[in-house]
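The values are calculated or read from the model by the stated rules, or taken from the named source; none is laboratory data. A quick note: this is a predicted structure, and the numbers were derived from the prediction, not measured. Cβ coordinates were reconstructed from backbone atoms using ideal geometry, including for glycine residues, and neighbour counts include every protein chain displayed. Just the protein is used for accessible areas: all its heavy atoms, side chains included, with ligands, DNA and RNA removed. Shrake-Rupley method; radii C 1.70, N 1.55, O 1.52, S 1.80 Å.
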Amino acid sequence: FEWTSNGENGENLHRNVIFRDNANKTRSTPPLTTFESAAIGRAGTDPESLWQWLANWERKTGGRVLAIPHNPNLSNGWMFRLTRYDGTPLTKEWVEARARWEPLVEVYQYKGLSEAHPLLSPTDEFLNDGIWDTADLNGNPKKAEDIQYEYAREALKNGLKLEAEFGANPFKIGMVSGTDTHNALSTGAEEDNYFGKFAVSEPVSGRWKQVYKNEVAGVRQDWTLMAAGLTGVWANENNRASLWDAMKRKEVYASTGPRIQVRFFGGFDYTEQDSKHDLVVSGYSKGVPMGGDLTSVKPGQVPSFLLAARKDPDGASLDRYQVIKGWVDSDGNTHEKIYDVLWSGKRQLDRTGKLPPVGNTVDIDTASYTNSIGAAELIGYFKDPDFDPKQKAFYYARVIEIPTPRWTAFDAVRFGDQMDKDVDKVIQERAVSSPIWYTP
């Protein structure tokens, strides 16, 4: 179920609550509402009341449960703030509770991208779609200083600092994605089959210019909604318990919609040969998968990674495979770096380390593209060239598709809509893995 706190004034603090168990346990207690939270926490707005309910539910039933925050980008700085939600300082108990109950965070969905923000990651060239930095759910304007507490990559970096202080990391989060549709349809992440967030925004001429209903300030039109997303889960079996276990250990990845397959393993003993033969077997036997931890480095060892991505069988070819690193230096300052590791074609990195664009085959007039560029799969090996064994760090993978038509392009063709010039009609879909953490 979804616990839907809107904070004090409309800040999105929603959590999706996922049970490992079946109905014999989950139906023993009604879902917690924010109205009932008023009896536990601050007027039903504080997620600490939800965490308390989750703890009570586990004690009562013997079951297992976790919660997934979604739309941090609409929290007006509340989702990853460095205080408790009532403004008081963090405590070790708070840090440990959040780490226990919220191992994942949603980074792509209809209401925008929450992976990273251009102002926080100015060297990242792939943050050009789904940035919602105008207001919260009630249309309250966002302050510039709020943005740093709304995006997963910044939270991952701050989590490294908090771990040094408290001995636990409240933002040790894996990456998932969803749609958040309100029309009861299981579809919606496909650009060519986009049904809108609400029933009133299902396919019809002119829907691109409707004002998203929660934006009372009237500043956000429906064309800015993303057709996203899906979560990939590397589970041992296709059943509820096994899927939940994989989510809990963060062996999951987030896609903006395509069914890209992403593998990401980290360790100290991989060789380049491991990427060429039985990559998955070597990945598990010599290291850890996405969501895992690297510790106990020996003198001279450097983290290395096995990388693999395969295109959606019905989708676009792949542009590149990136590894994104974040770390904390000896002065307590956080940093990030993006490595282009694998890519399609015969492109080469320039002197600054930048990879040229893959190209663009999109025909806007027909809302079509061709896979004449890009790669069907990207497989390889990466060794951190900037490793410092004394610095805490995290690494995660990001796989980018070649440009394809956005849902607005399909609408323009189907309905003959003449859209404003600022309406985006091309997108580069992507998927991001959960991180692998290095702790000295």
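When residue 440 is tested against (1) modelled with pLDDT under 95; (2) buried (at least 21 other Cβ atoms within 10 Å of the Cβ), exactly one condition is not met: (2).
Here's the yes/no breakdown for (1) assigned to a loop (DSSP other than H, G, I, E, B); (2) among the hydrophobic types (A, V, I, L, M, F, W, C); (3) on the phi < 0 side of the Ramachandran plot:
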position	(1), (2), (3)
146	no, no, yes
156	no, yes, yes
162	no, yes, yes
171	yes, yes, yes
179	yes, no, yes
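For segment 163-178, residues that are of a type outside the set (Asp, Glu) and open to solvent by 30 Å² or more (accessible area, probe 1.4 Å) total 4.
Of everything in segment 62-78 that is in a loop (DSSP other than H, G, I, E, B) and not hydrophobic (A, V, I, L, M, F, W, C), the residue that is surrounded by the fewest Cβ atoms within 10 Å (Cβ to Cβ) is 62.
With a requirement of 3 or more residues that are polar (S, T, N, Q), out of contact with any strand residue (DSSP E or B) (no Cβ under 9 Å at 6 or more places or on another chain) and closer than 30 Å to residue 375 by Cβ, none of the strands (runs of 3 or more DSSP E) lying completely within segment 195-275 satisfies it. Kindly evaluate residue 275 against the criterion of being small (Gly, Ala, Ser), closer than 30 Å to residue 397 by Cβ and in contact (Cβ under 8 Å) with a residue 12 or more places away in the chain. Spelling it out, residue 275 is indeed small (Gly, Ala, Ser), closer than 30 Å to residue 397 by Cβ and in contact (Cβ under 8 Å) with a residue 12 or more places away in the chain.
In segment 411-435, the residues that are over 25 Å from residue 157 (Cα atoms) reach residues that are of a type in the set (Val, Ile, Thr) and open to solvent by 70 Å² or more (accessible area, probe 1.4 Å) with C-beta atoms within less than 8 angstrom, at least six apart or across chains, in these pairs: 413/366. Consider segment 331-380 and keep the residues that are acidic (Asp, Glu) and at pLDDT 95 or above. The one that is most open to solvent (accessible area, probe 1.4 Å) is 365. Here the condition is being free of Cβ contacts under 8 Å to residues at least 40 places away in the same chain and either open to solvent by 10 Å² or more (accessible area, probe 1.4 Å) or part of a loop (DSSP other than H, G, I, E, B) (or both); of 59, 81, it holds for 59 alone.
Annotation: of all residues in segment 183-193 being open to solvent by 10 Å² or more (accessible area, probe 1.4 Å) and touching a Gly at 6+ places or on another chain (Cβ under 9 Å), the one that is farthest from residue 415 (Cα to Cα) is 183. Residues that are in contact with a helix residue (DSSP H, G or I) (Cβ under 9 Å, 6 or more places away or on another chain) and either under 17 Å from residue 12 (Cα atoms) or open to solvent by 50 Å² or more (accessible area, probe 1.4 Å) (or both): does segment 118-125 have at least one? Scanning segment 118-125, I find at least one residue that is in contact with a helix residue (DSSP H, G or I) (Cβ under 9 Å, 6 or more places away or on another chain) and either under 17 Å from residue 12 (Cα atoms) or open to solvent by 50 Å² or more (accessible area, probe 1.4 Å) (or both), so the answer is yes. For segment 1-26, filtering for residues that are of a type in the set (S, T, N, Q) and either crowded, with 18+ Cβ neighbours inside 10 Å or touching a residue at least 60 places away in the same chain (Cβ under 8 Å) (or both) leaves 6.
Give the residue that is nearest to residue 382 (Cα to Cα), with candidates limited to residues of segment 233-266 that are crowded, with 22+ Cβ neighbours inside 10 Å and among the small types (Gly, Ala, Ser). Filtering first and then ranking leaves 266. Restricting segment 89-117 to residues that are assigned to a loop (DSSP other than H, G, I, E, B) and of a type in the set (Gly, Ala, Ser) leaves a set whose member that is surrounded by the fewest Cβ atoms within 10 Å (Cβ to Cβ) is 116.
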